[in-house]
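*Asks:* For reference, the structure I am asking about is given below.
The values are calculated or read from the model by the stated rules, or taken from the named source; none is laboratory data. Bear in mind the structure is a predicted one, so any value in this text is a computation, not a measurement. For neighbour counting, all protein chains shown are included, and Cβ atoms are generated from backbone atoms with ideal geometry for every residue, glycine included. Ligands, DNA and RNA are excluded from the accessible area calculation, which covers all protein heavy atoms including side chains. Shrake-Rupley method; radii C 1.70, N 1.55, O 1.52, S 1.80 Å.
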Amino acid sequence: PESFISFFTALFLLYQPVKGLGQAHHAMQSALAAYERVLGAESAGKPPSQSAEPQSSPAEPLGELRLEGVTAGYGDGPDVLRGVELNLRADERLAVVGGSGVGKTTLLHVLSGFLVPREGSITVDGRPLAPSPAAARTVFAPVPQEPFLFDDTIALNVRCGRPSASDAEVRAACETAGVWEFARKLPDALDARVGTAGANLSVGQRQRVC
């Protein structure tokens, strides 16, 4: 009886550590798979000579975004977007509305460089936009409904868009986006930490930082 009880006691004590090892392995494999997808999205459709580093921000304000005959879909599936034509100036606002599955998110993925069009072209002020997130970051500033922020300072999260930005440029961007309005009231201002996924900020404040 003593050996029987000792065996099952040891087995019970081993359960949580072994389970933890399995969970850690699963998390690591998920992270590696996500990393490979990110690398694939970064390099999708990129010419061999193109650098993976984001291009510098345009010196002049953008004037016109044009989509001509853009067709896109996922994998070997059917086209989600078909022959999209769009001409949008910098002083215009456009709302893309429609039911589920009509291609609203797909259009955003194409503009953000995460999905390479099967046909058509995207130009900004007459220049082709390279189909990669790195190139798209120099043109677009998407603000998702549930933005993600790194557990670091407000300034660092803002600087993710352009790591070479000076403190003055970060401050100017924060003033433009309405971040400085609440950040100046914090003890550390732009050096205040946002917490895990921006937990120290409200949803609206996270969207402004994003």
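*Asks:* At 222 nm, what value in deg cm²/dmol follows for the chain if DSSP H runs of at least 4 each add -39500 (n - 2.57) and the sum is divided by all its residues, to the nearest 500?
*Replies:* Rounded to the nearest 500, the figure is -12000 deg cm²/dmol.
*Asks:* Another question, if that's okay. Tell me, how many Å apart are the Cα centres for the range 194-210 and for the range 133-154?
*Replies:* Result: 12 Å between the Cα centres.
*Asks:* While we're looking at this one, here's another question. What does the convex hull of the alpha-carbon atoms of the range 121-210 project to on average, in nm²?
*Replies:* Details: hull surface 26.0 nm².
Across all orientations, the range 121-210 yields a mean hull projection of 6.5 nm².
*Asks:* Based on Cβ point charges of +1 for Lys and Arg and -1 for Asp and Glu, what charge dipole magnitude is obtained for the chain about its Cα centre, in debye rounded to the nearest 20?
*Replies:* About 200 debye.
*Asks:* A further question on this structure: How would you classify the range 61-210 from its alpha-carbon gyration tensor, with a ≥ b ≥ c the square roots of the eigenvalues: rounded for a/c under 1.5, else prolate if a/b is greater than b/c, otherwise oblate?
*Replies:* Prolate is the answer for the range 61-210, as a/c is 1.5 or above and a/b outweighs b/c.
*Asks:* By how many degrees, between 0 and 90 and to the nearest 10, does the Cα long axis of helix 167-177 differ from the longest principal axis of the chain?
*Replies:* So the helix axis and the longest Cα principal axis differ by about 80 degrees.
*Asks:* Separate question: Could you tally the net charge around Thr153, taking each other residue with its Cβ under 11 Å from the Cβ of Thr153, Lys/Arg +1 and Asp/Glu -1?
*Replies:* On the way: positive: Arg159, Arg193; negative: Asp151, Asp152, Asp188, Asp191.
Overall, the nearby charge balance is -2.
*Asks:* What ranking, highest mean first, results for peptides 201-207, 151-157, 88-94 when packing means the other Cβ atoms within 10 Å averaged over each residue?
*Replies:* Taking the mean over residues of other Cβ atoms within 10 Å, the ranking is 151-157, 201-207, 88-94.
*Asks:* Multiply the residue gap between Ser100 and Ser30 by 0.36 nm, knock off their C-alpha separation, and tell me the result in nm, one decimal place.
*Replies:* Result for the pair: 22.4 nm of gain on full extension.
*Asks:* Summarise the accessible area of the range 80-178 (1.4 Å probe, protein heavy atoms) by the percent that is carbon and sulfur.
*Replies:* So the carbon and sulfur contribution to the accessible surface is 55 percent.
*Asks:* Round to the nearest 10 and give me the degree value, 0 to 90, for the angle of helix 2-43's Cα axis relative to the longest principal axis of the chain.
*Replies:* Approximately 10 degrees, to the nearest ten.
*Asks:* So, for the chain, what is the accessible surface per residue at a probe of 1.4 Å, expressed in square angstrom? Don't jump to the answer; show the numbers that get you there.
*Replies:* Numbers: 14150 Å² over 210 residues.
On a per-residue basis, 67 Å².
*Asks:* Apply 1/(1 + (r/R0)^6) to the Cβ-Cβ distance of Arg184 and Phe140, taking R0 = 22 Å, and write down the FRET efficiency to the nearest 0.05.
*Replies:* Between Arg184 and Phe140 the formula returns 0.20.
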